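Reading through the structure tokens given below for one structure.
The values are calculated or read from the model by the stated rules, or taken from the named source; none is laboratory data. Since the model is a prediction, treat every value here as computed from it, not as a measurement. Positions of Cβ are generated from backbone atoms using ideal geometry, with glycine treated the same way; all protein chains shown enter the neighbour counts. Just so you know, the surface numbers come from the protein's heavy atoms only, side chains and all, with ligands and any DNA or RNA stripped out. Shrake-Rupley method; radii C 1.70, N 1.55, O 1.52, S 1.80 Å.
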Amino acid sequence: MNQQEAAAALSVWVALESPTSHPAGVSGMMDLVQKDVAGLPIAVERIPGRDGLGDMVMLRAGLDNGQPAVAVMSHLDTVHPVGTSAKDLPVRIDGDRLYGPGVYDMKGGAWLALQAFKQVAVAGSAKRPMVFLFTPDEEIGSPTSRAVIEEIGRGAKAVLVTEPARSGGKIVTARKGVGRFDVRLEGRPAHAGGKHADGRSAIREAAHQILAVEGMTDYARGITTCVALVGGGTAANVIPQHAWFSVDCRVTTLADGTMMENRILSLKPHDPDVALRITGGMNRPPYEKSAEVAELFDLARKVAADVGFDLQDCPMTGGGSDGNFTAALGVPTLDGLGIDGDGAHTLQEYGLISSIAPRQALMKGLLETI
């Protein structure tokens, strides 16, 4: 398949919009995966979606020799709502750039990895079993797929995650852990004019708590906290009884994750007449560059050199992925093996067409070498 044909085939995937909240679109992507492997020596397992989310697809191929598998993981859900390609981000080619919702994060990586998986399956060139999991819910923290991801990870020699490459094609060997929390506040309503002193403002309390949470950021330790969603109140002339806000927390170590989870869950009200209810926790454990990950990266560098390029990794990135789950189990994990490009989660998202062939060759080499 030449570069033009690859771009055309990937465009079909990108054109099928699949935000996490649209299970028909996500399951439609799973249909495309199954169609792509029909008739090949690849076993297909379809796992029905639950909790209002799309299906999963698991592919198996390679030698059935009892050895731990080499596992590939891709998510086919995106953050872009249905209608994005019709209006704000049409699927189009501009020079070396293929634009479209989710092309960089991460349909490009999923597509090129599937082509490599097919090549190795047909050639019978793997040294061990291969498994490829396509998931529907990574963008919201993998609530329905985490157990499957961890089950596959426990039985794997190595895990390869096809999230997009970082600046200039770098892959990921470490990620911060991610926590998500929801804070609900209940005060006492009162008329804002006639009975102001009787009220206890949930929004005023939220302001105190938001400043406290934001103040937990410690750049020197790699800890960040962010309140990005806030709501509350009922009317302009009523002391607000209810308020809420969300918290995003990123950490570099498991110990800091435990510490931050305890700090946030232990927040106490500034006004004792306002009640706090805090839920959530650390959703993704940190993915640290262990000696085993470093060894796997060295292998990937050798494979890339044979392909014809110098593979580099990047410093620990703040974003989480399903690789966090497998790395936390002690399984050597490489991430960022997908397409190069830029603009994840924006209306300028694109993948570099010229990166497809070398990245596919890298994935093929890893599947054959591990």
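Looking only at residues in segment 180-205 that are among the small types (G, A, S) and open to solvent by 40 Å² or more (accessible area, probe 1.4 Å), which one is farthest from C249 (Cα to Cα)? By that ranking, first place goes to G194. Looking at segment 171-178, is at least one residue of a type in the set (D, E, K, R), part of a strand (DSSP E or B) and touching a helix residue (DSSP H, G or I) at 6+ places or on another chain (Cβ under 6 Å)? Yes, segment 171-178 contains a residue that is of a type in the set (D, E, K, R), part of a strand (DSSP E or B) and touching a helix residue (DSSP H, G or I) at 6+ places or on another chain (Cβ under 6 Å).
The helices (runs of 4 or more DSSP H) found entirely in segment 1-117 that carry 3 or more residues being touching a residue at least 12 places away in the same chain (Cβ under 8 Å), more than 28 Å from G365 (Cβ to Cβ) and in contact with a Gly (Cβ under 7 Å, 6 or more places away or on another chain) are 23-37.
Scanning segment 258-271 for residues that are farther than 21 Å from K176 by Cβ, crowded, with 19+ Cβ neighbours inside 10 Å and in contact with a Leu (Cβ under 6 Å, 6 or more places away or on another chain) turns up nothing.
When D306 is tested against (1) acidic (D, E); (2) in contact with a strand residue (DSSP E or B) (Cβ under 6 Å, 6 or more places away or on another chain); (3) in a helix (DSSP H, G or I), exactly one condition is not met: (2).
Against the test of being free of Cβ contacts under 8 Å to residues at least 24 places away in the same chain, among the hydroxyl-bearing types (S, T, Y) and out of contact with any strand residue (DSSP E or B) (no Cβ under 8 Å at 6 or more places or on another chain), the options T346, T369 yield a single qualifying residue, T346.
The residues listed here are V293, V274, V303; of these, the one that is open to solvent by less than 20 Å² (accessible area, probe 1.4 Å) and closer than 22 Å to S142 by Cβ is V293.
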